[in-house]
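Chemist: Have a look at this one.
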Amino acid sequence: MAKLKQELIIDQQGPIGILTLNRPEALNALSHPLMDQMEEALKNFEADAAIRVVVIAGSERAFAAGADISEMQGKTSAEMRADLHLSRWDKVSNFLKPTIAAISGYALGGGCELALACDLRVASETAVFGQPEISIGVIPGAGGTVRLARLLGRALALEMVLTGRRISAHEALNLGMVNRVVPVELFLDEAIKLAHQIAAMPPLAVAAAKKSVLSALSPDYPSYPAALQLERELFYSLFDTEDQKEGMRAFIEKRKPNFKGK
Ligand code: CAA
């Protein structure tokens, strides 16, 4: 049953947790209350074994047009530094279960960064990505320069953050920024469909797969051989799970597996 909170709608469809940004009057600008609610909702979803995948969605017009400029404009460096607001984006990127951003319309500034903090991205044909912070006297502060540099390389990342150049949905698809582009009326359904596909997989293997891919991308990870070693260790560890036995037995018996998350 949908639970209406102030700026975030928290919902569940079977094993899928759905967080819908709900500030249409400000194009879903990511205010303190909204991101506080998101942090709390993610904490609850993480603790809830029934939730396997989380979808974060905006509206058709805007995924999110950035952090809330009206909250920030009068602040000093010291005040901004003391404020934990930007750490909320890390809660999304560090979330242990798979996350999918369902993006339509504007994904700008902190909105683009929120989409990039998710694991997968489903975009509507109207989605537009950009980091316009330079035009209001700042730079991205929630991971934009770092994630775009890693994802798109030096030239395009710099063009985006130095000029505010926007990227359309189809360009984003060609660049590997999004997993798929669908007609606007389908963006949420498609994201939920993708979430159900992942949720049908054995959860311990899903967690291991995410951990291995994120470790491979992490700047903290010591080396390529160490990342390969972690992958192998995770692979071996799954042989102590019931789902590995069930998955391989079901393959041999030519039937659908019945995974238990053990
Ligand atoms: N913060 C606060 N309010 C915002 C907002 C934001 N980021 N983006 C839009 N709004 C508000 C507008 O002020 C406006 O409110 P009012 O009706 O009360 O005037 C309402 O949303 C609708 O916006 P517009 O009238 O501007 O709509 P538009 O269709 O003409 O333009 C837009 C849409 C191009 C997205 C434009 O709103 C815009 O440029 N928004 C700001 C984008 C931006 O600079 N984002 C970066 C923010 S800083 C950041 O995110 C830092 C970080 O890295 C974390």
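Chemist: Being small (Gly, Ala, Ser), in a helix (DSSP H, G or I), open to solvent by less than 70 Å² (accessible area, probe 1.4 Å) and away from the ligand (no atom under 16 Å from the Cβ) narrows it down to one residue among ALA41, ALA50; which is it?
Modeler: Numbers: ALA50 fails: in a helix (DSSP H, G or I).
From the options ALA41, ALA50, the qualifying one is ALA41.
Chemist: On the basis of being more than 22 Å from VAL53 (Cβ to Cβ) and within 22 Å of the chain's Cα centre (by Cα), does TYR236 make the cut? I'd like the intermediate steps shown before the answer.
Modeler: Working: more than 22 Å from VAL53 (Cβ to Cβ): yes; within 22 Å of the chain's Cα centre (by Cα): no.
In short, no.
Chemist: In a helix (DSSP H, G or I), touching a residue at least 40 places away in the same chain (Cβ under 8 Å), open to solvent by less than 60 Å² (accessible area, probe 1.4 Å) and more than 9 Å from the ligand (Cβ to nearest atom) - does that describe any residue in the range 123-143?
Modeler: No, that holds for no residue.
Chemist: If you don't mind, another one. Assuming ALA78 fulfils every condition listed in (1) surrounded by fewer than 24 Cβ atoms within 10 Å (Cβ to Cβ); (2) in contact (Cβ under 8 Å) with a residue 24 or more places away in the chain; (3) hydrophobic (A, V, I, L, M, F, W, C) apart from one, which condition is it?
Modeler: The failed condition is (2).
Chemist: While we're looking at this one, here's another question. Scanning for something more than 15 Å from the ligand (Cβ to nearest atom), in a loop (DSSP other than H, G, I, E, B) and of a type outside the set (Asp, Glu), does the range 54-74 turn up at least one residue? Step through it out loud before you land on a result.
Modeler: Filtering the range 54-74 down to residues more than 15 Å from the ligand (Cβ to nearest atom) leaves 54-57.
When the remaining residues are screened for being in a loop (DSSP other than H, G, I, E, B), the result is none.
Within the range 54-74, not a single residue is more than 15 Å from the ligand (Cβ to nearest atom), in a loop (DSSP other than H, G, I, E, B) and of a type outside the set (Asp, Glu).
Chemist: So if I check each of LEU108, LEU86, LEU30, which one is within 12 Å of the ligand (Cβ to nearest atom), over 30 Å from PHE259 (Cβ atoms) and open to solvent by less than 10 Å² (accessible area, probe 1.4 Å)? Reasoning before the result, please.
Modeler: Numbers: LEU108 fails: open to solvent by less than 10 Å² (accessible area, probe 1.4 Å); LEU86 fails: open to solvent by less than 10 Å² (accessible area, probe 1.4 Å).
On inspection, the qualifying residue turns out to be LEU30.
Chemist: Within the range 170-178, identify whether any single residue is farther than 18 Å from GLY105 by Cα and among the β-branched types (Val, Ile, Thr), and answer yes or no.
Modeler: no
The values are calculated or read from the model by the stated rules, or taken from the named source; none is laboratory data. Quick caveat, the model's predicted, so the values are computed rather than measured. Positions of Cβ are backbone-derived with ideal geometry, glycine not excepted, and every protein chain shown enters the neighbour counts. For the accessible areas, the whole protein counts, side chains as well, though only heavy atoms, and no ligand, DNA or RNA atoms are used. Shrake-Rupley method; radii C 1.70, N 1.55, O 1.52, S 1.80 Å.
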